[in-house]
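Enquirer: After the structure tokens below, expect a handful of questions from me.
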Amino acid sequence: MRRSALALASALLAAALLFTLGGAHAAVPAAGAAAPAFSLADQSGKARSLAEFRGKWLVLYFYPKDDTPGCTEEACNFRDDIFALEKMGAQVVGVSLDDSASHAQFAKKYSLPFPLLADTSGAVTRSYGALTEGSRYARRYTFLIDPAGMVAKVYTSVETSRHSVEVIEDLKRLSKR
């Protein structure tokens, strides 16, 4: 009996350690689920939270790394389409595991007019199921969150060259409901 209790305790400790180190990740929130809350610093160090965007559509996109080809293309397309998105009542927010200083350089270099949030611990990225296991990068996932804070659409297969257009098309369709 004593050995089985030790074995169970050992297995539980190993599972907890694996989860803590990022070996386990949360499921991707499905459309219709409440968006996981967050509070992270943006490129200027200002704390930004999910609650701040209540009452408007939120395009919350996760990306692997600042100033890399795919991430730059995606960010610049959101930048180029920002007026159309804002006209529909949407705010764009990017999230990666890079720090605020890296985000500030990236935003300045490409004149990005939206917040880039620094999830240096990976906790928020993990809560959205977007943390790549075994590395320090986010998966390229986007969540379209409605004005009530509910996930309206999930994108887990993103083509950076046309993603902002896809979001705009879906936003037009979803906001008519």
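The values are calculated or read from the model by the stated rules, or taken from the named source; none is laboratory data. All of these numbers come straight from a predicted model, not from anything done at the bench. In this analysis, Cβ positions are derived from the backbone assuming ideal geometry, glycine residues included, and neighbour counts consider all displayed protein chains.
Enquirer: Filter the range 135-151 down to residues that are under 23 Å from E86 (Cβ atoms), of a type outside the set (D, E, K, R) and in a loop (DSSP other than H, G, I, E, B), then give me how many there are.
Expert: Looking only at that region, the number is 4.
Enquirer: Can you pull out the residues in the range 43-87 that are of a type in the set (K, R) and either closer than 14 Å to S102 by Cα or out of contact with any strand residue (DSSP E or B) (no Cβ under 8 Å at 6 or more places or on another chain) (or both)?
Expert: Across the range 43-87, the qualifying residues are K46, R54, K65, R79, K87.
Enquirer: Only residues that are polar (S, T, N, Q) and in contact with a Lys or Arg (Cβ under 8 Å, 6 or more places away or on another chain): list them for the range 97-122, please.
Expert: S111
Enquirer: Okay, moving on. Does A104 meet the test of being touching a helix residue (DSSP H, G or I) at 6+ places or on another chain (Cβ under 6 Å), of a type in the set (G, A, S) and at pLDDT 95 or above?
Expert: no
Enquirer: Which of (1) closer than 23 Å to I168 by Cα; (2) in contact with a strand residue (DSSP E or B) (Cβ under 7 Å, 6 or more places away or on another chain) does D119 not meet, given it meets every other one?
Expert: Going through the list (1) closer than 23 Å to I168 by Cα; (2) in contact with a strand residue (DSSP E or B) (Cβ under 7 Å, 6 or more places away or on another chain), D119 breaks only (1).
Enquirer: Considering only the range 48-94, how many residues are charged (D, E, K, R), over 19 Å from I145 (Cα atoms) and more than 15 Å from the chain's Cα centre (by Cα)?
Expert: Residues flagged as charged (D, E, K, R), over 19 Å from I145 (Cα atoms) and more than 15 Å from the chain's Cα centre (by Cα) within the range 48-94 amount to 3.
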